[in-house]
Amino acid sequence: MKRLVFVVLILLALAGFVGWAIYQDAGYVLISYDRFRYESSFWIFIGLIACLWVLAMVVHWVIGLLQASGALVNPWSRRHHARRVAKASRSGLRELAEGQWGPALGHLRTAAEHDRQPLVHYLGAARAASELGEYEQSDELLRKARAREPEAGLAVGLTQAQLQIARGQYADARESLTTLHNDHPRHPYVLTLLQQLYVQLQDWPALCRLLPELRKHRVLPAGRLDELELLAWTAALEQVWQAQATQEDAQQALSQRWQTVPSKLRNEPLLVRAYADGLSRLGAQENAEEVLYAALKRQFDDRLVERYGRVRGREPARQLAHAEAWLKAHPDNAELLLALGRLSLRNEFWGKARDYLEASLRLDHRAETCAELARLLAQLGDNERSNRLFQEGLGLLDQPSSNRLQTLDSGAEERHAT
């Protein structure tokens, strides 16, 4: 309200000033050119100019109004074109999220062809085409995306690799990701996709080579990376001896692979067991016994003890003595007692073997312990109990794990009665 009053006062003041100026002097204007001659007072001339200016403004406004109304009515106007592209983009992205691949492909392809920034639309259309099984069209859309936006090569390459993995085109995906890795060696998602691809291909040596980069760039949480590292090296050791044509080549390849294992992992029981298993299968049980014994001297582990009872060392008596030395620190270890039973059998100490196996069975009612003790009892002539233990072992193999506690209790009662 105050502003309106102020404006009115200003206008009144201007009107008063103009009236006073006209009263003081009307002025005179003469314009003459060739035969044209114009004469008037100065103030009439000013009024004429003001009228012409107002007329020009009105004409400009009318022309603008006609253009705007024409754009609203004309379906081929720029405004309508932009609205169609925006609508196709919105519909296509929504349909892509909903899994409506056919409509999404049509809308996103339309939006990509007419939008100034087509990358997102091309990538979405390529995914929709891939989901529909139209792989050639998908690849063509990715090529167009790379041509329209050359600086977006990383985004296009990642999308291409993801689609190739989803299609099962692992060789092509590996080639794509290798190229991206060479161009962007520190990119976390490139490293993540490479890691996932190597796991899918079970290419454990390649994954082992990639692990230092995964750790350096913190692609995975430390705990998850430790698990992956242990798993990859274990699988690499298990895989290497299976791929060789001869036993000699396999032994050499296994030893070479073991030398490439990081020193911090060579004491891991899982890796030591995998290495020892490979040596055992290749006929180098004496070497396997030495590897297991060295590892158990550093760190006692049930998994290694179980393997130690299976392998045949150079001196069975010395092997048994080593295991009995561990019994002092682990008198109630079922795995160690089972291993001692097997080693006693190898040394033909039947009574000692029976005692060890009985003790192991009391601590842990397991099928393999039942089987070992049953074979020994059959050899000793106790066929009745041997058959009963074989039946117990078969029952333990057939039972779900949730029912084994009940079997353990009943077996303990039977042994107590015997």
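The values are calculated or read from the model by the stated rules, or taken from the named source; none is laboratory data. In this text the structure is predicted, and so the values were computed from the model without any measurement. Heads up, the Cβs are rebuilt from the backbone with ideal geometry, glycines too, and the neighbour counts pull from every protein chain shown. These area figures cover heavy atoms from the full protein model, side chains too; ligands, DNA and RNA do not enter into them. Shrake-Rupley method; radii C 1.70, N 1.55, O 1.52, S 1.80 Å.
Given +1 at the Cβ of Lys and Arg, -1 at the Cβ of Asp and Glu and no other charges, the dipole of region 257-412 around its Cα centre is 580 debye to the nearest 20. The stretch between Val199 and Asp226 holds 8.2 nm of extra length on full extension. This uses 0.36 nm per residue minus the Cα-Cα distance. Taking Cα atoms only, the orientation of helix 153-167 departs from the longest principal axis of the chain by about 50 degrees. Dipole size of region 241-314 about its Cα centre, with +1 on Lys/Arg Cβ and -1 on Asp/Glu Cβ: approximately 180 debye, rounded to the nearest 20. D by Stokes-Einstein for the chain, Kirkwood Rh over Cα pairs, 10 °C, 1.306 mPa s: 52 µm²/s. For the pair Ile44 and Leu14 in one chain, pulling the backbone fully straight at 0.36 nm per residue adds 9.1 nm over the alpha carbon distance. Which one, Trp233, Ala276, Leu11, projects farthest toward the positive side of the charge dipole computed for the chain from Cβ point charges (K/R +1, D/E -1)? The one lying farthest along the dipole's positive direction is Leu11.
One chain, two ends: Asn267 and His114. Fully extended at 0.36 nm per residue, the span grows by 48.9 nm beyond their Cα-Cα distance.
Judged by the gyration tensor of its Cα atoms, with axes a ≥ b ≥ c, region 241-314 is oblate; a/c meets the 1.5 cut and b/c is at least as large as a/b.
Under the Kirkwood approximation for Rh and a Cα-based Rg, what ratio Rg/Rh is obtained for region 83-130? Write down the numbers at each step before the final one.
Numbers: Rg = 9.0 Å, Rh = 9.8 Å.
My calculation of the ratio gives 0.92.
Close lysine pairs were tallied over the chain: pairs 8 or more places apart or on different chains with Cα atoms under 28 Å apart number 6. For the chain, the fraction of 1.4 Å probe accessible surface lying on carbon and sulfur atoms is 55 percent. Per the Debye formula on identical point scatterers at the alpha carbon atoms of region 132-248, with no solvent, log10 I(q)/I(0) at q = 0.20 Å⁻¹ is -1.08. Between Leu154 and Met1, the modelled label-to-label distance comes to 6.2 nm, taking each label 7 Å out from Cα in the direction of the beta carbon. Taken over region 312-395, the percentage of Cα pairs per 5 Å bin, counting from 0 up to the bin with the maximum distance, is 3, 17, 26, 24, 17, 9, 4, 0. What you get for the chain, charging only the Cβ of Lys and Arg (+1) and of Asp and Glu (-1), is a dipole of about 1780 debye around the Cα centre. Probing with 1.4 Å while keeping every protein chain in the model, the per residue accessible area of region 317-398 equals 47 Å².
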